[in-house]
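In what follows, a structure is listed as structure tokens, so that the remarks can point back to it.
The values are calculated or read from the model by the stated rules, or taken from the named source; none is laboratory data. From a predicted model like this one, the values you see are computed outputs, not experimental measurements. So basically every Cβ, Gly included, is an ideal-geometry build from the backbone, and we count neighbours across all protein chains shown. For accessibility, only protein heavy atoms count, side chains too; no ligands or nucleic acids. Shrake-Rupley method; radii C 1.70, N 1.55, O 1.52, S 1.80 Å.
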Amino acid sequence: MEALEWLDSLEMDSTIHRSRKEVFRSFLNSDFETARQFVEREGDPLKRRAILEQLHFNNFAWQRDYAEIEGLFDWIGTVATGQTYSNKVRNVVQAMANSDLQRAVDFTLQLGPGAARMNALNAIGSELAREDAGRA
């Protein structure tokens, strides 16, 4: 956390940006709860969006069970908006599908209409195509 705060205090250039992404990615994978708090603490919507755009949840299927990943979906809805939300939905649904494909299909089919649902359907379609093109 201190490393991120220190990097945030520096003038942003490409090296600082890359370093920050790597530190945050490592942080996210090792201590997700503190990473969540870091995101939630950011009051500037543009800075929060920049942080969220760096998050990728594909490897969460290796570290968490399906219910935890579904909880992540709910959390994303509280911290992300617009296109960032839609993109993160796709990412989280991919993690769900990697954990339990049928539950992810069922979950996605119950989502309301909109860009987030379309991104979720794309994620499910991609996963199904990898496993069984006919089913996709």
Practice prompt. Round to a whole angstrom and tell me the spacing of the C-alpha centers of the range 78-135 and the range 18-44.
Written response: 23 Å
Worksheet item: Beyond 18 Å, what percent of the Cα pairs of the range 1-103 remain?
Response: 47 percent
Response to the item:
Two pseudo-spin positions, 7 Å from Cα along C-beta at H17 and at D74, lie apart in nanometres by 3.6 nm
Worksheet entry | Cα gyration tensor, the range 43-120 - rounded (a/c under 1.5), prolate or oblate | oblate
Worksheet, complete the sentence: So the carbon and sulfur contribution to the accessible area of the chain, 1.4 Å probe, in percent, is 49 percent
Worksheet item: Got a sec to turn the phi values of the range 88-97 into Karplus ³J(HN,Hα) couplings, 6.51 cos²θ - 1.76 cosθ + 1.60 with θ = phi - 60°, whole Hz, x for Gly and Pro?
Response: 5, 4, 4, 5, 5, 5, 4, 5, 4, 5
Response to the item:
The answer for the net charge of residues other than A97 whose Cβ lies under 10 angstrom from its Cβ, with Lys and Arg +1 and Asp and Glu -1, is -1
Worksheet, complete the sentence: Candidates A116, A97, A50; GNM for the chain (alpha-carbon contacts under 10 Å) flags as most fluctuating A50
Worksheet entry | Per-residue ³J(HN,Hα) for the range 122-136, Karplus 6.51 cos²θ - 1.76 cosθ + 1.60, θ = phi - 60°, Hz, x for Gly and Pro | 4, 5, 5, x, 5, 5, 4, 4, 5, 8, 7, 4, x, 5, 4
Fill in: Per-residue HN-Hα couplings for the range 113-119 [Karplus 6.51, -1.76, 1.60; θ = phi - 60°; Hz; x = Gly/Pro]
x, x, 4, 4, 5, 4, 5
Response to the item:
Relative contact order in percent for the chain (Cα pairs under 8 Å, 6+ apart) equals 17 percent
Worksheet item: Using helices alone, what [θ] at 222 nm do you get for the chain, with -39,500 (n - 2.57) per DSSP H run of 4 or more residues, divided over all residues and rounded to the nearest 500?
Response: -24000 deg cm²/dmol
